[in-house]
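The values are calculated or read from the model by the stated rules, or taken from the named source; none is laboratory data. Here the structure is a predicted model, which is why all the values come from computation and not from measurement. Neighbour counts are summed over all protein chains in view; Cβ atoms, including those assigned to glycine, are modelled from backbone coordinates with ideal geometry.
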Amino acid sequence: MVEPQAGIFVEGSASHFFLEYQLIEGLSDAQLRATLASAIALPLSADVNNVWAFGADCWQRLTPDAVPHGLKSFTAIGEGHLVAPATQQSILVWLHGDNHSANFDAAMELSAALAAVATLNLEKIGFVYKDFRDLSGFIDGTENPKGRGQQVVALIPEGEAGAGGSYVMSQQWVHNLASFHALSQREQEDVIGRTKPDSIELDDARMPENSHVSRSDVKINGEAQKLYRRSVPYGGVLEHGLYFLAFSCDMQRFDHILASMFGVSGDGVHDHLTDFSTPVSGSYWFAPSAAELSVLASL
């Protein structure tokens, strides 16, 4: 089996840096490859898990003969006032671990190494909230696959272009906690579709059709559109929310789930959670296998 980037599957990290870069215009492909090779090869602290991913346009320039099927840029989805915006960037670096100082040093070092070819356009610093809960107070990622199932859901299978790599979606969501917390606990649970203390899914008789569970639990031709979610909260008093990060073996799964959440899947129903949290960014990425990333580092 082609080995994935190990950092994708390391769970429980207390500190996270999400860094999204946009390529500077006018770069030669040779300059881009040389700079990326140096940055990827940097000897970061052993305390830091690092994951690299690339937008479709960037990956096409780096490996034009090895672009995974279906890799594309994020496009806005929704209509009217309810839209998931597209803010596609070129390079995503996710640093995480329990040593926040080491993560900070790595973020500074990598950003300096990339400065000649890319501008840091989005930076979010994430953290674990209580017992792995979203800032809403609900446990996050309850339905994530376990064990071997994580790789089955997250990784492009053997025999396909990009095998051992993963399609990735990132979104920054800004929460309106005052509005959400003004609801009673039962009303909050109806928005999410789970009980708040212990994350038990509501039974069919109670589950609203516009709950987050109802709109994100999508099946296409009987196949569940499962993702491996690695989202964490970010922010402080003035702004706070969730940096949504998910990995998939199939790019279309993201499209299906977003269409359901944003009311354009055919039934006109949108995810009630979007009345309390707003996406302000959206990018699709490809996280290559460890071997493909190693090739980039040796160019």
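For the stretch 158-201, residues that are in a strand (DSSP E or B) and more than 14 Å from Gly137 (Cβ to Cβ) total 10. When the stretch 235-289 is filtered for residues that are more than 12 Å from Met169 (Cα to Cα), touching a Gly at 6+ places or on another chain (Cβ under 9 Å) and among the aromatic types (Phe, Trp, Tyr), only Phe262 remains. Within the stretch 1-24, restricting attention to residues that are of a type in the set (Gly, Ala, Ser) and in contact with a His (Cβ under 9 Å, 6 or more places away or on another chain), the residue that is nearest to Asn103 (Cα to Cα) is Ser15.
Out of all the residues in the stretch 29-36, is one or more surrounded by fewer than 13 Cβ atoms within 10 Å (Cβ to Cβ), out of contact with any helix residue (DSSP H, G or I) (no Cβ under 7 Å at 6 or more places or on another chain), farther than 14 Å from Trp285 by Cα and at pLDDT below 95? Within the stretch 29-36, not a single residue is surrounded by fewer than 13 Cβ atoms within 10 Å (Cβ to Cβ), out of contact with any helix residue (DSSP H, G or I) (no Cβ under 7 Å at 6 or more places or on another chain), farther than 14 Å from Trp285 by Cα and at pLDDT below 95.
Hey, does the stretch 66-81 have a residue that's closer than 30 Å to Gln185 by Cβ, at pLDDT 95 or above, touching a strand residue (DSSP E or B) at 6+ places or on another chain (Cβ under 7 Å) and surrounded by fewer than 21 Cβ atoms within 10 Å (Cβ to Cβ)?
The answer is yes; a qualifying residue exists.
Inside the stretch 38-65, residues that are assigned to a helix (DSSP H, G or I) and either surrounded by fewer than 15 Cβ atoms within 10 Å (Cβ to Cβ) or free of Cβ contacts under 8 Å to residues at least 60 places away in the same chain (or both) make up a count of 5.
A quick yes/no check of all residues on (1) more than 18 Å from Phe254 (Cα to Cα); (2) in contact with a strand residue (DSSP E or B) (Cβ under 7 Å, 6 or more places away or on another chain); (3) of a type in the set (Asp, Glu); (4) at pLDDT 95 or above:
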| site | (1), (2), (3), (4) |
| --- | --- |
| Val117 | yes, yes, no, yes |
| Leu122 | yes, yes, no, yes |
| Gly126 | yes, yes, no, yes |
| Lys130 | yes, no, no, yes |
| Leu135 | yes, yes, no, yes |
| Pro145 | no, yes, no, yes |
| Val153 | no, yes, no, yes |
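In the stretch 109-117 there is at least one residue that is among the charged types (D, E, K, R), more than 18 Å from Val280 (Cβ to Cβ) and either out of contact with any Phe, Trp or Tyr (no Cβ under 7 Å at 6 or more places or on another chain) or crowded, with 21+ Cβ neighbours inside 10 Å (or both). Only a single criterion out of (1) crowded, with 16+ Cβ neighbours inside 10 Å; (2) closer than 26 Å to Phe262 by Cα; (3) under 18 Å from the mean Cα position of the chain (by Cα); (4) not charged (D, E, K, R) is not satisfied by Gln151, namely (2).
Pairing each residue of the stretch 102-113 that is outside any helix (DSSP H, G or I) with any residue that is of a type in the set (S, T, N, Q), provided the two are 6+ apart or on different chains, yields no C-beta distance under 9 Å. Per the listing Lys124, Lys130, the residue uniquely without any contact (Cβ under 8 Å) to a residue 12 or more places away in the chain, closer than 22 Å to Val174 by Cβ and not in a helix (DSSP H, G or I) is Lys130.
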